[in-house]
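Here's the structure we're looking at; comments come further down.
The values are calculated or read from the model by the stated rules, or taken from the named source; none is laboratory data. Here the structure is a predicted model, which means the values were calculated and not measured. Note: ideal-geometry Cβ built from the backbone for every residue, glycine included; neighbour counts use all protein chains shown.
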Amino acid sequence: MEPDTVAPVEVAEDAEVMASVEEDTTDTLVIADISQDDAYLTLPLVDAASLPEWR
C-alpha cells in the first residue's frame with residue numbers, strides 16, 4: 001500500500017489530535033482534532049493502514 005500524502009498548507013500549532021476505535025458490529029477508526037468543532041474523520045478499521053504497512 002502506497003501512502004497518499006499531501007503537504008500541509010498550514011499547520012495549526014495548538015491542534016490536539018487523537019484517535020480511537022469505536023467497537024460495534026463494524027469497528028471504526030475515529031481521528032479527531034479536539035481543538036476544533038466537527039474536525040474529525042472516520043473509516044472502517046479494516047481499511048486503516050497499520051504501522052508496518054507505512055514503513
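Residue under question is Asp27, and the condition is that it be touching a Leu at 6+ places or on another chain (Cβ under 7 Å) and not basic (Lys, Arg); does it hold?
Considered against the rule, which asks whether it is touching a Leu at 6+ places or on another chain (Cβ under 7 Å) and not basic (Lys, Arg), Asp27 comes out as yes.
Regarding segment 7-29, can at least one residue be identified that is in a loop (DSSP other than H, G, I, E, B), at pLDDT below 80 and in contact with a strand residue (DSSP E or B) (Cβ under 6 Å, 6 or more places away or on another chain)? Give the steps one after another, and end with the answer.
Just the residues of segment 7-29 that are in a loop (DSSP other than H, G, I, E, B), to begin with: 7-16, 23-27.
Then keep just the ones that are at pLDDT below 80; that gives 7-15.
Subset that is in contact with a strand residue (DSSP E or B) (Cβ under 6 Å, 6 or more places away or on another chain): 15.
Yes, the conditions are met somewhere in segment 7-29.
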